[in-house]
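Structure record follows, encoded as structure tokens.
The values are calculated or read from the model by the stated rules, or taken from the named source; none is laboratory data. For clarity, every value in this text was computed on a predicted model and none was experimentally measured. Cβ: placed from backbone, ideal geometry, glycine included. Neighbour counts: every protein chain shown.
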């Protein structure tokens, strides 16, 4: 039995003052003109079930300009069951975020985001094309986000590794400037390697699975040309510790750590061609969608449950064939919430089976589900 979101309440969240939306399993279409709150609604769903915004690392940005706090509340149901979980996320600038499940405080944000809320989410926003066309850090963030949604321990390892690298970098600069001895690096080398190996192990297990799902998804979206993702290590996992030691002189000179998972990348390939460098805008967008579908399939395989799909303005740049494919894909999903400015992208049969939510001016104006 797979969980899905039954209802969402947004209080002082972006341009929503106090509004509730009801959702159904399968396809939910959020319709409205530009700048009315469609994207904010999808962001609010993600905030409610993961504890964080997929659009900004700065939580204060989600708080309504005229308010001092933001709060999301959600009811999560189980298909085929009367069971229901109630979750809430509250945030006020300058204060610790409050996350609760059935009235009890969540153990941590990492636990809450990794299924502690009762459901996971996979998001697509138009800016996500940066995963394919952007910097290596964008691809690492995508990969780490998937794995963190599965295991709180992975999220902790990523965060602790980043802190250890930052502290090692500070030491490197002190050594370069003559305030510390190179002998003091050994302790931080070990700390960085221990945490980095946890990150590498998680990625190395996940990438072959994601590669298989990505190839299948892009084939359905694009055509028969072979697609793949190929991970590139800054140092081989077996030689990680040694490579870090060998880089001491260069790292001290630059004042930064040059070896480790924070320097890794993965290529997104179509017909053997790297789409980051040589792909067209259309190919990069389809590859981004395929990566998101691969993420959904990976989560399903890992935990046995589908995540909610939250896809913003996904139809606008696609042709009729691909719109039809996506509509069918979303309709048969456990739950998908997608936004659009144009309901004509969907044929009458799809609209008849979908739950249509109309948004205007940061308020729900039509929502028949309940």
Residue 43 being crowded, with 22+ Cβ neighbours inside 10 Å, touching a helix residue (DSSP H, G or I) at 6+ places or on another chain (Cβ under 8 Å) and not in a loop (DSSP other than H, G, I, E, B): yes
Residue check for residue 246: surrounded by fewer than 18 Cβ atoms within 10 Å (Cβ to Cβ), in the same structural domain as residue 290 (by TED's automatic domain parsing) and either farther than 28 Å from residue 151 by Cβ or at pLDDT below 95 (or both): yes
Candidate set from the range 53-63 (those that are more than 15 Å from residue 109 (Cα to Cα) and touching a residue at least 12 places away in the same chain (Cβ under 8 Å)); member that is surrounded by the most Cβ atoms within 10 Å (Cβ to Cβ): 62
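Matching residues to (1) in contact with a helix residue (DSSP H, G or I) (Cβ under 9 Å, 6 or more places away or on another chain); (2) surrounded by 15 or more Cβ atoms within 10 Å (Cβ to Cβ):
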position: 65; (1), (2): no, no
position: 77; (1), (2): no, yes
position: 87; (1), (2): yes, yes
position: 91; (1), (2): yes, yes
position: 106; (1), (2): yes, yes
position: 113; (1), (2): yes, yes
position: 117; (1), (2): yes, yes
position: 144; (1), (2): yes, yes
position: 150; (1), (2): yes, yes
Members of the range 203-232 that are more than 24 Å from residue 330 (Cβ to Cβ) and crowded, with 18+ Cβ neighbours inside 10 Å: 203, 206, 231
Single unsatisfied condition, residue 93 versus (1) in the same structural domain as residue 8 (by TED's automatic domain parsing); (2) out of contact with any strand residue (DSSP E or B) (no Cβ under 7 Å at 6 or more places or on another chain); (3) in a loop (DSSP other than H, G, I, E, B): (2)
Residue match in the range 151-161 (condition: modelled with pLDDT of 95 or more and within 26 Å of residue 25 (Cα to Cα)): yes
Subset tally (residues that are more than 11 Å from the chain's Cα centre (by Cα), assigned to a helix (DSSP H, G or I) and within 23 Å of residue 138 (Cβ to Cβ)) for the range 48-59: 2
Residues of the range 172-191 satisfying the condition of being in a helix (DSSP H, G or I) and touching a helix residue (DSSP H, G or I) at 6+ places or on another chain (Cβ under 6 Å): 172, 175, 176, 182, 188, 189, 191
Residue check for residue 338: at pLDDT 95 or above, farther than 21 Å from residue 217 by Cα and part of a strand (DSSP E or B): no
Within the range 259-291, considering residues that are crowded, with 20+ Cβ neighbours inside 10 Å and free of Cβ contacts under 8 Å to residues at least 60 places away in the same chain, the one nearest to residue 144 (Cα to Cα): 259
Those residues of the range 1-23 which are modelled with pLDDT under 95 and either in contact with a strand residue (DSSP E or B) (Cβ under 7 Å, 6 or more places away or on another chain) or not assigned by TED's automatic domain parsing to the domain that holds residue 85 (or both), in sequence order: 1, 3
Residue among 339, 316 that is in the same structural domain as residue 31 (by TED's automatic domain parsing), surrounded by fewer than 16 Cβ atoms within 10 Å (Cβ to Cβ), touching a strand residue (DSSP E or B) at 6+ places or on another chain (Cβ under 9 Å) and closer than 20 Å to residue 127 by Cβ: 316
Among the residues listed as 158, 165, 132, the single one being free of Cβ contacts under 8 Å to residues at least 60 places away in the same chain and crowded, with 19+ Cβ neighbours inside 10 Å: 158
Complete set of residues in the range 341-365 that are farther than 12 Å from residue 29 by Cα and either in a loop (DSSP other than H, G, I, E, B) or under 23 Å from the mean Cα position of the chain (by Cα) (or both): 347, 360, 361, 362, 363
